[in-house]
Structure formats: structure tokens, C-alpha cells
Amino acid sequence: MGLLGTDTKKKLAMSGLVFVFCYLVMLFVVFLIIVVGNFSGWQTYIVENFPEVLSLIVSIFFLFGIVYWYYLFEDADALVNRKNILLIFTILIVSVIISYIFGEFVHIDSRPVAVFAFLALFLTSRRHALFLNFIFSFVMFVIDLFTNTAPMTNINNEIYASFLLSFIGGTVAVFLAGKVKTRGGLLLSGVFIAVPTVLIVMLFNLPEITTDWIEYVSSVGFRILSSILSAVLALALLPFFEHAFNRLTVFRLRELTSTDAALLVRLKKEAPGTFNHSLIVAQLAETCAVAVGENAELARTAAYYHDVGKLKQPDCFTENQTDYNVHDEITPELSADIIRSHTKDGYDLLIKSHLPKIIADVALEHHGTLPIKYFYDKAIRYSGDADLKDFSYLGPIPQTKIAAIVMICDGAEAAARAMSDRTPEKVEKVCRSIIEERMDLGQFDECDITMKELTVIKKALVEALSGVHHHRVKYPAIQFGRDRQAVKTEDDRNE
Ligand SMILES: [Fe+2]
Ligand SMILES: [Fe+2]
């Protein structure tokens, strides 16, 4: 903590305040649970069970505190942004509310306890979701334990069964839905988590089978329903959290890369050259991200949008020009100014269009502080002298591996497009020089990409580019006559 800057400390303090706020909201929710459970005599209940209520208040404080500590040690970066803390506790509180509404008004076994695990998985990460689900199960457990209207000496199996159901159901949900990329897949995970939870309910309620078999069967039925309900509710709530907290889920990434996404439609119509270039960069970025174990969907989406800033003046960029070139009529300084402004223009457009900040950051960083060689050279030729700073992008340099990957793929795609001979050896040479040049210019100094990863990226790029721009087979230039006899042979013929 001593090494943290003042700004970071301030942000952590703000997150601490959000934590306290969420804790107070949780206590209010617990109060409502007590009131609903003891509607006619909740005041008497609280007075008579004061030690239990106090235990509940303290237990929830520690459980919430453990989440805060966990993030402090495991992912302090996430903690710096108070929106993350708000998101985590909001999904926790909302899941508790939903579970108790179903438990109170439908059936105790209809609690859709896995909804929290699904939400945490898609809105945070698998590792965090596993831990957070454990905390959620404990929060449910202490609420059940300390708000139980039955005497404390007569705690029934249901409370323990409930804890196991939340924990096992949620954990299985995280593992099952971990690789899910479609809404249908998420629903299917909901069906599968019914298996362990139904087994638990069947075993815990086994004594009931002879005394009240109708209740036994309905418990099992409600358990199946609750598993599917968990997935349905997660699907219904995810868009709200995605937009309210500007989060990226696989589902939102899919929507952003769909052909009818507003900005992509504009790009295709107004800057077709840039659109085609972005499609290839996206394909390359996805391949490279897979090769180094980064988020491939995110890399692909970021690459789709990396050049949207060119929408401001599409005709000023080579890939969208036909005959007329505006740069023939303006100074190299002005040309460089127009070219380099597309990173900031892209960032502004993406933020204005409510796209996730991480996508906008890639658009801003994808040229780092690289020089615009063509116009620098032109300026030197015209006036004999030029300041390289006036012909360089304004940065910042890539801050994430995804931004570095898009930067490399962007350069490699442009270079490969200009190559007439794209044999793997020549593509390798070009890719190596692109990566080395960016390294020499310090473009990777602020992201945690390693030398090993750069080598892996280069290899993936060579394979992909040799595939994307595969050199065409030279057809034998033989012409046949009617009698199927060769009548003309040339060395080479352009097909
Ligand atoms: Fe660009
Ligand atoms: Fe580009």
C-alpha cells in the first residue's frame, strides 16, 4: 500500500465508500427479508432475536469485507475503479433479492440461486466468479441461519441444503457456462445444473418421501425449474448490467461484430476500403490473441473498430481513394495532421456511440507514437527539413496486449497488401521488421507483452497472412484447340 500513488489511494478510498454504501443497502435488504418473513410482528422478532440479528449484521460485514480484501490482493486494478465494486455487490444484492422473492412467494426450492454465478461469470471472470459464488452462498446461508423464525436449536436440514445448492449449483454453472458463447448455450447450462441440485434435494428430503411424497416430488420439480430459471434470469439481466456498467460479455461482443452494428454499417458504406482492411485486421488479431491466450473475441471486436476515426474524412485515406488524392493539393504537415487525427476521432466517436472504453482505447492507441513515414519523407523532400514530432502519432502507446496485437496486425496487413510476392519467407521478414521497428520505437514499453509472446504473434501472423493473401497457383499457359491438342504455350499468363 505504501507504494501506491496519491491518485490510486484516492480511488481506493472511493471504492471503500462504495463498499460501505453497498453494505448498508444489503443490510436494508436483510431488514426487508425479516419484515416480509414476520410481517405482523417483525419488531418483536428483532427485539427477541437481537443477538442473531447482530450476528447477521457482523457476518455480512465480514463476508463483504473478504470480497474487498480478495480484490485488493488478487486484482487491485479492478478495485481502483469504483464501478467494479458497485457491479460486484449489485449483482450479489440483486441475486439475493430474486432468490428470496422466489423462496418466499413461490417455493423454497424455486430459488434461482445459480443466477449469481452466471452473472458473475459473464460480467467478471471465471476465477472471480468461483470465489464470489462461494461468498454469495455464505451470504444466503447466514441470512437463512439468522433470520430463521424457528428456534435456533431446531435448525432444519433445509438451511444446509440451501447452502449446498447455492455453492454446488453456482460452481457447476461457472464451469459449464465457462466456454459458452451463445444465449442458447447459456440456457442449456441451466438445464444441466439441474442434475447436481436435484440430486441434493432428493437426498436431503428423502425422509419426506413416505410422509409427504407430493411435497417431495414438487421439491424436485421446483429445483429443475429454478435451474432453468437461473439461466433465463441471467439472460434477461445481462443486457442491463452490460449497459449500466459498460461491461463486455461474449454476447455483447457478438452484437458489436454483427454486420448490422451501426458503426460497422457506416464504415462499410462510407469507407469501404477501411472496412475491408478492418475485417482482415480483425481476423489476424483474433488468430494472434488465440496464440498468446488473450481474449480472442475482444481482440476481434477491437480490430473491427480500430479505424472508425477515418469516417470523419474517409477520402483522405489511401484505401478509400480511387483517382483523386487530396494529399496532392495540401502540405505534408496538413496531410500528417489529418492522418494522425483518426486515432483520437475514433476514440471520441466510439465513446459517443457508447461502445466499451476498452474498444475506444485500442482505437486511440493502435498507432502509438509511430512516425507517419510517407509524409515525413515528403516534407524532407520538399523543404529539406522537418521535425519528426510533427509527423508522428500523438499516442498513447499501447497499454494492453490487445492494443499491441491490433497495432502489429494493422501494420502487418498494410505491409502484406503492398507485397507482390507473399511467400512465407518474405511475409516472415516483413512481420519481423514490423515488430522489431515498433520495439525499437518503444511502442510496447507500457503493456505487459513479452518477447516470447511477440515471437508467437509473429509466427501466427506469418501463417495467417500466407493464408489470407495466399499466392495464386500459376496456371499452365496452354491453350487447347477443338481437337484437344495444345495449340499455344506461354511461359506465364495472368488469370
Ligand atoms: Fe489506423
Ligand atoms: Fe488500420
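The values are calculated or read from the model by the stated rules, or taken from the named source; none is laboratory data. Quick caveat: nothing in here was measured; it's all calculated off a predicted structure. Cβ sites come from the backbone with ideal geometry, for glycine too, and all protein chains shown count toward neighbours.
Among (1) surrounded by 21 or more Cβ atoms within 10 Å (Cβ to Cβ); (2) within 15 Å of ligand 2 (Cβ to nearest atom), where does THR287 come up short?
The one condition THR287 does not meet is (2).
Which one is nearest to the chain's Cα centre (by Cα) among residues in region 16-44 that are at pLDDT 80 or above and of a type in the set (Ser, Thr, Tyr)?
For region 16-44, the residue satisfying everything is TYR23.
Checking the conditions here, which among ALA291, ALA285, ALA302, ALA379 is away from ligand 1 (no atom under 16 Å from the Cβ) and at pLDDT 90 or above?
ALA291
Of all the residues that make up region 315-345, how many are free of Cβ contacts under 8 Å to residues at least 24 places away in the same chain and either within 11 Å of ligand 1 (Cβ to nearest atom) or of a type in the set (Lys, Arg) (or both)?
Selection size over region 315-345: 0.
Output yes when any residue across region 54-61 is closer than 25 Å to PHE245 by Cα and part of a helix (DSSP H, G or I), and no when none is.
Kept after step one, since they are closer than 25 Å to PHE245 by Cα, are these residues of region 54-61: 60-61.
Keeping just the survivors that are part of a helix (DSSP H, G or I) gives 60-61.
Yes, because at least one residue in region 54-61 is closer than 25 Å to PHE245 by Cα and part of a helix (DSSP H, G or I).
Going through GLY395, GLY368 one at a time, which residue ends up being at positive phi, assigned by TED's automatic domain parsing to the domain that holds LYS310 and in contact with a Phe, Trp or Tyr (Cβ under 7 Å, 6 or more places away or on another chain)?
Exactly one of GLY395, GLY368 is at positive phi, assigned by TED's automatic domain parsing to the domain that holds LYS310 and in contact with a Phe, Trp or Tyr (Cβ under 7 Å, 6 or more places away or on another chain), namely GLY368.
Does region 355-362 include one or more residues that are over 24 Å from TYR305 (Cβ atoms) and in the same structural domain as ALA296 (by TED's automatic domain parsing)?
No, the conditions are met nowhere in region 355-362.
Would you call ALA363 within 14 Å of ligand 1 (Cβ to nearest atom) and either crowded, with 20+ Cβ neighbours inside 10 Å or under 29 Å from the mean Cα position of the chain (by Cα) (or both)?
So ALA363 passes the test.
Only one of these is more than 28 Å from ILE85 (Cα to Cα) and touching a residue at least 12 places away in the same chain (Cβ under 8 Å): ALA302, ALA231, ALA291. Name it.
ALA291
Residue check: is VAL35 among the β-branched types (Val, Ile, Thr) and closer than 24 Å to LYS10 by Cα?
Values: among the β-branched types (Val, Ile, Thr): yes; closer than 24 Å to LYS10 by Cα: no.
Judged against the criteria, VAL35 is not a match.
Can you name every residue in region 116-129 that is assigned to a helix (DSSP H, G or I) and either farther than 18 Å from ALA231 by Cβ or of a type in the set (Gly, Ala, Ser) (or both)?
Answer for region 116-129, where residues must be assigned to a helix (DSSP H, G or I) and either farther than 18 Å from ALA231 by Cβ or of a type in the set (Gly, Ala, Ser) (or both): ALA117, ALA120, ARG127, HIS128, ALA129.
Checking the structure you have, find out if any residue of region 209-219 is of a type in the set (D, E, K, R), in the same structural domain as THR124 (by TED's automatic domain parsing) and under 32 Å from the mean Cα position of the chain (by Cα). Even if it seems obvious, please write down each step before you answer.
Here is the first cut: in region 209-219, the ones of a type in the set (D, E, K, R) are 212, 215.
Among the residues that remain, those that are also in the same structural domain as THR124 (by TED's automatic domain parsing) are: 212, 215.
Still in the list and also under 32 Å from the mean Cα position of the chain (by Cα): none.
No; the residues of region 209-219 include none that is of a type in the set (D, E, K, R), in the same structural domain as THR124 (by TED's automatic domain parsing) and under 32 Å from the mean Cα position of the chain (by Cα).
Mind telling me which of the residues ASP260, ASP315 ends up being more than 30 Å from SER110 (Cα to Cα), assigned to a loop (DSSP other than H, G, I, E, B) and of a type in the set (D, E, K, R)?
ASP260
Could you tell me how many of the residues in region 384-413 are part of a loop (DSSP other than H, G, I, E, B), under 30 Å from GLU297 (Cβ atoms) and free of Cβ contacts under 8 Å to residues at least 40 places away in the same chain?
So the answer is 1.
Filter region 355-383 for residues that are out of contact with any strand residue (DSSP E or B) (no Cβ under 9 Å at 6 or more places or on another chain), more than 16 Å from ligand 2 (Cβ to nearest atom) and in contact (Cβ under 8 Å) with a residue 24 or more places away in the chain and give the result.
Correct list: LEU355, PRO356, LYS357, ILE358, PHE375, LYS378, ALA379, TYR382.
Taking interchain pairs and intrachain pairs at least six residues apart, which have beta carbon atoms under 8 angstrom, with the first residue in region 100-127 and modelled with pLDDT of 90 or more and the second among the aromatic types (Phe, Trp, Tyr) and not in a helix (DSSP H, G or I)?
Filtered contacts from region 100-127: LEU123/PHE245.
Going through THR322, THR287 one at a time, which residue ends up being more than 20 Å from TYR347 (Cα to Cα) and part of a loop (DSSP other than H, G, I, E, B)?
It is THR322.
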